[in-house]
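The values are calculated or read from the model by the stated rules, or taken from the named source; none is laboratory data. In this text the structure is predicted, and so the values were computed from the model without any measurement. Cβ placement follows ideal geometry from the backbone for every residue including glycine, while neighbour counts extend to all protein chains displayed.
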Amino acid sequence: MYIVTLSSDIGQHDYLVAAVKGQLLSYNSSLNIVDITHYLSQSNFPKAAYICNNAFRRFPEGTCHVVLLSTFESNDNQILVARHNNQFIVCPDNGILTMILKEKPKDVVALRINDEHTLLERTELIAKAVDQLSRNTPIDTVGTVVTTIIEKYPLRPSIGPNWIDGQILFIDNFENVIINITKEEFEEYRKGRNFKIVFKGDEMIDTISNNYSSVNEGEPLAWFNSAGYLEIAINKGNIASLFGLQGFNEKMQQHVASLPSKWFYQSVRIYFQ
């Protein structure tokens with residue numbers, strides 16, 4: 001059974017998600033369609049990429065990931081179909097592909113559309129392409145081979161001789177705060193030194209825990225989550241609201257709308273000693 005994942009910014013308050021699934025199943029009724037989320041943020045590509053990347057890489061080879069995010073943004077004349085690490089991603093040509101993969105894939109084709117196509121007219125083309133992929137059709141016959149696409153890339157921490165600045169990438173439903181610093185990056189720049197994670201005024205953490213229960217109830221902690229990213233939290237508490245921590249600043253993004261590739265996040269600094 002061919003696996004197709006579906007991620008979108010559509011929400012689930014109307015018929016659209018069901019209609020898209022219906023289109024997919026109309027071409028191949030044996031598809032196994034898995035919902036990732038339908039609440040991706042249209043304005044927060046780094047957060048969307050974090051969610052998609054860490055979900056997609058746990059699926060088996062051959063899986064096709066359909067991403068409907070800001071579908072009418074930027075290059076409205078093509079939808080991309082890409083092969084990467086023996087999986088496929090189908091998405092608009094608006095930069096989300098390289099945000100998710102953190103690189104430009106070698107195998108990319110385009111489905112041609114025009115700006116008058118509605119969402120469901122576009123997803124009809126996607127459904128046809130997914131059906132072809134499910135039948136092992138070579139990717140270069142699914143669409144038109146392209147070499148130029150819109151490229152955007154994830155936020156990277158800033159580095160100094162004795163510090164590293166990470167940005168708040170994601171705040172989950174428990175108000176745990178995920179920073180865009182991986183365990184590998186942390187250890188590379190730490191070089192065995194002591195450290196202090198400073199996240200609000202003089203609030204700091206100087207130990208990496210194994211899990212939430214490593215500290216007493218109500219105490220803050222830092223650990224590397226299942227995605228391998230630095231996370232700060234409070235055992236049975238809400239660290240984001242308690243300390244006024246925020247992720248993506250949408251108002252700031254709107255203020256600099258002329259710079260669409262920039263995102264503005266609150267920073268968390270780690271000092272090494």
Fill in: Residue in the range 172-188 that is surrounded by fewer than 21 Cβ atoms within 10 Å (Cβ to Cβ), of a type in the set (S, T, N, Q) and over 20 Å from residue 157 (Cβ atoms) present
yes
Worksheet item: Scanning the range 189-228 for residues that are part of a loop (DSSP other than H, G, I, E, B) and touching a Phe, Trp or Tyr at 6+ places or on another chain (Cβ under 8 Å), which turns out surrounded by the fewest Cβ atoms within 10 Å (Cβ to Cβ)?
Response: 191
Worksheet entry | residue 192 vs. criteria of a type in the set (Gly, Ala, Ser), modelled with pLDDT under 90 and farther than 18 Å from residue 47 by Cα | no
Worksheet item: So, of the residues in the range 83-125 that are charged (D, E, K, R), assigned to a strand (DSSP E or B) and touching a helix residue (DSSP H, G or I) at 6+ places or on another chain (Cβ under 8 Å), which turns out to be surrounded by the most Cβ atoms within 10 Å (Cβ to Cβ)?
Response: 83
Item to complete: Please find, among 141, 98, the residue that is of a type in the set (Val, Ile, Thr), more than 18 Å from residue 48 (Cβ to Cβ) and free of Cβ contacts under 8 Å to residues at least 60 places away in the same chain.
Response: 141
Worksheet entry | Lone unmet requirement of (1) surrounded by fewer than 17 Cβ atoms within 10 Å (Cβ to Cβ); (2) under 30 Å from residue 14 (Cα atoms); (3) in contact with a strand residue (DSSP E or B) (Cβ under 6 Å, 6 or more places away or on another chain) for residue 145 | (2)
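For the structure I just gave you, tell me whether residue 236 is modelled with pLDDT under 95 and surrounded by fewer than 17 Cβ atoms within 10 Å (Cβ to Cβ). Walk me through it before giving the result.
Numbers: modelled with pLDDT under 95: yes; surrounded by fewer than 17 Cβ atoms within 10 Å (Cβ to Cβ): yes.
Yes, satisfied.
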Worksheet item: Residue check: is residue 71 in the same structural domain as residue 20 (by TED's automatic domain parsing), more than 30 Å from residue 231 (Cβ to Cβ) and modelled with pLDDT under 95?
Response: yes
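The rows are residues; the columns are (1) on the phi < 0 side of the Ramachandran plot; (2) small (Gly, Ala, Ser).
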site	(1), (2)
136	no, no
147	yes, no
154	yes, no
166	yes, yes
173	yes, no
189	yes, no
199	yes, no
